[in-house]
Amino acid sequence: MTLPKAFWLLWCGQTVSRLGTLAPAFLVLYLEDNGLVAPGTTPLVVGLFGAGVVLSGLVGGVVADLIGPRRTIVAAQPVAATMALLFALADHVVVLCALSLITGFLSSVDRPAGAGLISSIVPKEQFSKAYSLFLVGFNIGMSLSPVLSGFLLEVSPTALFIVWAASSLIYAALVFAVPADPPPVRDSGRTAGIPTLLRSAARDIAEPFRTPVLVGFLLLTFLLACVYLQVNSAFPLGMRDAGLTSGNIGFVLAVNAVLSIVLLPLVPRLVGSMRAHVPLILAALFMALGFGSNVFAHSMIAFTLATVVWTLGEVIWAPMSATFIADRAPAGRIGTYQGSYFFAWNAAFVVGGPAGLALAHSSGYPALWMSVLGLGLAVALGFALLPRLAGFTTGAGPETTPPKPTEENLTTETR
């Protein structure tokens, strides 16, 4: 069964958006190269961007369930475009800090909505396949974005923000062509006014954290993210400490990007028939062994082989973790539940990266990689115990998910 046109519109929109979005690293280069912030202020700007990303997971998921995932994506993009253009004009540190927080939020607020939109336009049995392909587009955009940003930073720094704004508007236009959201699944109390709506939203945010199996899953997700996200902090510095050049480091990271794009579409077919927790165990094991084997790496070839191992964990984890959450989300709460996942994962940006760097600086990189190995193996054991927690089994009752649009509706439904 082929995926519907609506999915490919979403796929193209997200890919273009990720291609044009300015990565935090290049935002820092822009600010410092133009003398807009002092070097001591740069960590604050980056931290505010990260805080916005963390907040976006919880808020974006709830908003997607309240107003619909398609409306959430379409509404966020013009605001993102406006903020991007304001960045090009701003020169005061307070304004720049505020814009960093807002753009960090807007850069990821669509991710729970994207997962929710996929679940509404493809049959449940195709979710893993569709989400894997969705992540391929995400990785393509994120892999090419630094290349484009680096070129624009050299040619015309202002163009960075024009491209960012344009890519956001293209994303909005493509998703606007997706069929309208189905009516939100709400109880009668959710129509009683803004205060009641806000209280309901707060309850929705907390809802995933009341189910034992999801609490365990989210805690393990956070810990596994602390392992994986060393790729953005300690990993490149560890390679440099081992004597690799910038070109060598770029090659190793390119191997990860290429393998992710090639292997992601294959994952549902290879592991989709396993029990829900088994792919999670495999992902944690591969990540633990991959990052842990860096302790023996002293050359580009050795770091590349280690990267192949943890990349296998990454490509298994990404679609199957989203599927684990989607299978346990009640009707009308898929965005909220996916948002809880992104919150747990993004929170590791705040903790895992800095903690890894602190350990490497105090005790050396071998101590960091051995610690990462131990943590990853403990996470794998945790996933093995998930079936013992309440809420692990799904499908105990009749299906209550909203009806899927028919093929005819995918082209004729009014917006």
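The values are calculated or read from the model by the stated rules, or taken from the named source; none is laboratory data. Worth saying up front: this structure is predicted, and the values here are computed from it rather than measured. Reconstructed Cβ throughout: ideal geometry from the backbone, glycine too, with neighbour counts over all protein chains shown. Accessible surface is based on the protein model in full, side chains and every heavy atom, while ligands, DNA and RNA are left aside. Shrake-Rupley method; radii C 1.70, N 1.55, O 1.52, S 1.80 Å.
Some points to look at:
- Using the Cβ-Cβ distance between LEU266 and THR394 with R0 set to 25 Å, the FRET efficiency from 1/(1 + (r/R0)^6) comes to roughly 0.55.
- Between the stretch 284-310 and the stretch 371-390, the Cα center-to-center distance that results, in Å: 20 Å
- As a rough guide to protection, the peptides 70-82, 35-47, 348-360, 282-294 ranked by mean Cβ packing within 10 Å, highest first, stand as 282-294, 70-82, 348-360, 35-47.
- Protein heavy-atom accessible surface, 1.4 Å probe, per residue over the stretch 223-361: 37 Å².
- Extension gain from MET370 to THR42, taking 0.36 nm per residue of separation minus the Cα-Cα distance: 115.0 nm
- Of all accessible heavy-atom area on the chain, the percent that carbon and sulfur account for (1.4 Å): 70 percent
- Sequence-separation-based contact order of the chain, relative, with Cα cut under 8 Å and 6+ spacing, percent: 27 percent
- Ranked by the mean number of other Cβ atoms within 10 Å per residue, highest first, peptides 388-394, 299-305 order as 299-305, 388-394.
- Residue-normalised accessible area of the stretch 44-94, given per residue in Å² at a 1.4 Å probe: 38 Å²
- Translational diffusion coefficient (Stokes-Einstein; Kirkwood radius from C-alpha pairs) of the chain at 20 °C, 1.002 mPa s, in µm²/s: 97 µm²/s
- Top positive-direction residue, dipole computed over the chain with Cβ charges, set LEU169, THR15, ALA206: ALA206
- Comparing ASP181, ASP204, ASP241 in a Gaussian network model of the chain where C-alpha atoms under 10 Å apart are linked, the largest mean-square fluctuation is found at ASP241.
- Prolate/oblate/rounded call for the stretch 11-76, Cα gyration tensor, a/c under 1.5 rounded: oblate
- Of the DSSP H helices in the chain, those that are both long (alpha-carbon extent of 20 Å or more along the helix axis) and hydrophobic (Kyte-Doolittle mean at least 1.0) are 42-67, 69-89, 93-108, 127-155, 157-176, 212-228, 246-263, 278-292, 300-327, 365-384.
- The stretch 98-178, accessible area per residue, ligands and nucleic acids excluded (1.4 Å, Å²): 35 Å²
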